[in-house]
Amino acid sequence: MEASKEAFLREFGEHYGYPNGPKTIDEIRATEFKRLDGLVYLDHAGATMYSELQMEAIFKDFTSNAYGNPHSQSDTSSATSDIVREARQQVLDYCKASPKDYSCIFTSGATAALKLVGEAFPWSCQSCFAYTMENHNSVLGIREYALGQGAAAFAIDVEETSHHGVSNGTVASMKALQHPIQRRSEARSLEGEPTGDAYNLFAFPSECNFSGLRFNLDLVKTIKEDPARILDGSPFCKSGRWMVLIDAAKGAATEPPDLSQYPADFVVMSFYKLFGYPTGLGVLIARKDASRLLKKTYFSGGTVTASIADIDFVRRRKGVEELFEDGTISFLSIASIHHGFKILNSLTESAISRHTASLATYVRKKLLALRHENGASVCSLYGTSKASFHGFGPTVTFNLKRSDGSWCGYREVEKLASLSGIQLRTGCFCNPGACAKYLGLSHSDLLSNIEAGHVCWDDNDIINGKPTGAVRVSFGYMSTFEDAKKFVDFLTSSFVALPNWNESGYQINQGPESRLPAACLYLKSITVYPIKSCAGFSVESWPLSSTGLLHDREWVLTSPSGEILTQKKVPDMCFISTFIDLNEGILFVESPRCQARLPINILTDSCNGVREEIKLNGQRYEVQCYDNEANIWFSNAIGRPCTLLHCYSSNHNHCLNKSKSMCMGRDAQSILNFSNEAQFLLISEESVSDLNRRVSTKDIQKGARGAAGQIDPLRFRPNLVFSGGEPYVEDGWRNLKIGNKYFTSLGGCNRCQMINIVHEAGQVQKSNEPLATLASYRRAKGKILFGILLKYERSEFVGGDDDLWLRVGQDVQPNIL
């Protein structure tokens, strides 16, 4: 056993690995999670993993029993009703909720359960919706129902302080910092002093899905019995009846709320967060006295005892579950939760909580201890100072800093983690209040980020020097010490600066510019890619235009919804081969899936005359469409419906700017067709050779069998490949001359997972190489750089047509200006 694991077990062995359970953690992973071999999965807060034995039991159940629609009296329907009844009881038992006091309402997820409460709650202009800042968007959405009905809404920050009690014990007391009260303008005329007849709702999570901080469930009784203790100073603290909603979607997996001690009115959960399967099924656990106050408007099959079609008559069912479960419930999914609960019950809730807590505590300690060579802290963890009384769930959320104090973007962490076989979560996790609170983002910061184009799930992870989100790792009942250690080792090797580590951390040639003799460097190959993300063709010579190589990336394929298609989502696009005959003015395309070669005339107007606008990389383009024959051909070639579009009148090199006016002439000289960043990508043959040596060495060190396949320069989809000089000499180039053509370097090309796609023998395969190796020595400020981007500087003093051609073999002269 490794020394690190021995040390871990000395500290956590009593809690780790289910020592008193039916199986140890190693046995669980070996028999029930074989698909996780070689994969470190650390997003259990997003969705935990289902057990393979669990799925086998479900399949056996479904193939051995017949379950019918429960809205009937047949034997199969009765069997389903019995299973559903048992499932409701299991859910209530999980939260120690008495069926005398609580009902179990199945929904399509925790979000649907929250929506049900929001739309059916008895809001009035005297009501109030209060909620903690640390809440999921699905809880914040309830605010729309409250404000729409004239109610008030406000957020609070709950703080705990401790003092010594009369018996010298430590007693926690809670207070709240109230944020401004929100009301819709049309409701202000109805605003008055709150009365005792109003119903108010307070919502908080049992565990924050951003920080992992567990909330004090004493909030339930405090809000219901003495709201002034928390809401002192609010006009709503002594008026009306307060009801409490707990969002347990995150917390229930390791510490479900005990409703026998904390009698909340509403609790919501999702089952895929408990045991992985089923998805699309959640639950609202509602106190019966609270559920009777909910006002339901819509009725459906299963929710009524009688209705008459042509007059206003309906009689609703009295049972709470029957009243709120619209239509046929997802009875097969409900039948499957029995097998999930069986696993949790065999391990016990307390053992799962201790096991996952040991892993999270270990990671927290290791991350807090990480230091750069200059002593600067590597990790900023969120929520640690707030957890003095109720601790954390099995979640660790943080951001990383470089040795100079600047932030590492969370997308950089996620990208490198994926290359190392580690799956984690980044962003704000649909919890904007917690994100802003812990990252210190003001309202002006948030609005500025939105104005800068930042939206959920984008790559804008650092704006104005501040992170816009964070990195989150979370553990589940099947997580192991090995998972945690591999993650810590990954952060250490990838982000901790050691002695003799340069500021970027990696080999990027940015030193004095070298002026090599022209004969040392020459153009080795030219490749044109007429259709974005399809295969290109190599030529000995090719004309230039103001958009780069003539006809390069002048066509694009889009989905029926208008999405631009690339190999990242449609790998089979690589099998579409292209060739342009300039003399005939025809683009020829071929595919192994299509018998006939498709000719597209580029000299005459072969489009159907229809024009439209599309947006790519923030730029709007006017494009021309083709007839059905071309679209059917390409749809067959890639195996999905698509449309071929052509950049309109590309020989004039114009596009639409943000004001929809034409940009031409000098302003159009840097206009792109459908390339992502620049007109040209230039790579070095020597740089590719150095990369191949590094990959081969890495494979040998790992003991990989067989010779590693050589990475072809065309894997990087370059337009230009040059030969000669030292590897990565191109990093320092400001400009260059090829033949008598001048180009400006726009900097290094940031590489993505697309270079890991291999096309061999008609098959598409994905691996971690060469991006993983490049990340180990070519990373700078969050980017993995390989090759440089170029812009053609078109001269006003060109002679004839021959001056507009590039030719293989021409000299490459860097830094000539």
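How large a share of the accessible area of the chain, in percent, is made up of carbon and sulfur atoms when the probe is 1.4 Å and the other protein chains stay in place?
Heavy-atom surface of the chain belonging to carbon and sulfur, 1.4 Å probe: 50 percent.
Over the range 530-650, calculate the relative contact order: mean separation of alpha carbon pairs under 8 Å at least 6 apart, over the residue count, as a percent.
Averaging sequence separation for qualifying contacts and normalising by length gives 24 percent for the range 530-650.
Spelling out what I want: for every residue of the range 293-298, take phi, set θ = phi - 60°, compute 6.51 cos²θ - 1.76 cosθ + 1.60 (Karplus), and round to whole Hz; glycine and proline get x.
8, 5, 10, 9, 9, 6
Can you list the lysines whose alpha carbon is less than 19 Å from that of Lys737, not counting same-chain residues fewer than 8 positions off?
In chain and number order, the partners are Lys524, Lys791.
Gln595 versus Phe537, label points 7 Å from Cα toward the beta carbon: distance in nm?
So the label points at Gln595 and Phe537 sit 2.3 nm apart.
Would you mind giving the three semi-axes, in whole Å and largest first, of the ellipsoid equivalent to the range 530-650 according to its Cα gyration tensor?
The answer is 19, 18, 15 Å, longest axis first.
Among 77-87, 288-298, 712-722, how do they line up from the highest to the lowest mean number of other beta-carbon atoms within 10 Å?
Details: 77-87: 17.5, 288-298: 13.6, 712-722: 20.4.
Final packing ranking: 712-722, 77-87, 288-298.
What number, in percent, do you get for the relative contact order of the chain if the mean sequence gap of Cα pairs under 8 Å and at least 6 apart is divided by its residue count?
After rounding, I find 12 percent.
Which one, Gly405, Leu419, Phe537, projects farthest toward the positive side of the charge dipole computed for the chain from Cβ point charges (K/R +1, D/E -1)?
Gly405
In the P(r) worked out for the range 227-341, what percent of Cα pairs fall beyond 16 Å?
Value for the range 227-341 (Cα pairs over 16 Å): 71 percent.
Could you calculate, for the chain, the ratio of the Cα radius of gyration to the Kirkwood radius, expressed as Rg to Rh?
With Rg and the Kirkwood Rh in hand, the quotient comes to 1.02.
Calculate, for the chain, the solvent-accessible area per residue in square angstrom, rolling a 1.4 angstrom probe over the heavy atoms of the protein chains.
Averaged over the residues of the chain, the accessible area is 45 Å².
Taking the convex hull of the alpha carbon atoms in the range 680-814, what volume per residue do you get, in Å³? Walk me through the numbers before you get to the answer.
Values: hull volume 17.9 nm³, N = 135.
Taking only Cα atoms, the range 680-814 has a hull volume of 133 Å³ per residue.
Using the basic label-point model (7 angstrom from Cα toward the beta carbon), what is the Glu629 to Arg85 distance in nanometres?
In this crude spin-label approximation the distance works out to 6.8 nm.
What is the set of long-range amide H partners of Ala248 at a cut-off below 5 Å, with H atoms built 1.01 Å from backbone N?
Residues meeting the criterion, in which the H sits 1.01 Å from N, are Ser206, Val268.
Suppose R0 equals 30 Å. What FRET efficiency, 1/(1 + (r/R0)^6) with r the Cβ-Cβ distance, do Asn137 and Lys296 give to the nearest 0.05?
Plugging the Cβ-Cβ distance into 1/(1 + (r/R0)^6) gives 0.80.
Using 18 Å as the Cα-Cα cut-off, could you pick out the over-long pairs in Lys5/Lys486; Lys365/Lys486; Lys5/Lys401; Lys415/Lys766; Lys532/Lys741; Lys366/Lys401?
Details: Lys5/Lys486 12 Å; Lys365/Lys486 15 Å; Lys5/Lys401 27 Å; Lys415/Lys766 15 Å; Lys532/Lys741 25 Å; Lys366/Lys401 15 Å.
Cα-Cα > 18 Å for Lys5/Lys401; Lys532/Lys741; rest within.
How much FRET efficiency would the formula 1/(1 + (r/R0)^6) give for Leu746 and Asp75, where r is the Cβ-Cβ distance and R0 is 60 Å, rounded to 0.05?
Between Leu746 and Asp75 the formula returns 0.25.
Work out the FRET efficiency for Asn676 and Ala30 from their Cβ-Cβ distance, taking R0 = 35 Å, and round it to the nearest 0.05.
0.20
If we sort 110-119, 412-421 on the protection proxy, mean other Cβ atoms within 10 Å, highest first, what's the order? Write down the numbers at each step before the final one.
On the way: 110-119: 22.8, 412-421: 19.9.
So the order, starting with the most tightly packed, is 110-119, 412-421.
Classify the range 395-509: rounded, prolate or oblate, from the alpha-carbon gyration tensor (a ≥ b ≥ c, eigenvalue square roots; a/c under 1.5 rounded; otherwise prolate if a/b is larger than b/c)?
oblate
Hey, got the dipole for the chain? About the Cα centre, +1 on K and R Cβ, -1 on D and E Cβ, debye to the nearest 20?
Roughly 1240 debye, rounded to the nearest 20.
Order the peptides 629-636, 24-31 from the highest to the lowest mean number of other Cβ atoms within 10 Å of their residues.
Those peptides, ordered most packed to least, come out 629-636, 24-31.
The values are calculated or read from the model by the stated rules, or taken from the named source; none is laboratory data. All of these numbers come straight from a predicted model, not from anything done at the bench. Neighbour counts are summed over all protein chains in view; Cβ atoms, including those assigned to glycine, are modelled from backbone coordinates with ideal geometry. SASA here: full protein model, heavy atoms, side chains in, ligands and nucleic acids out. Shrake-Rupley method; radii C 1.70, N 1.55, O 1.52, S 1.80 Å.
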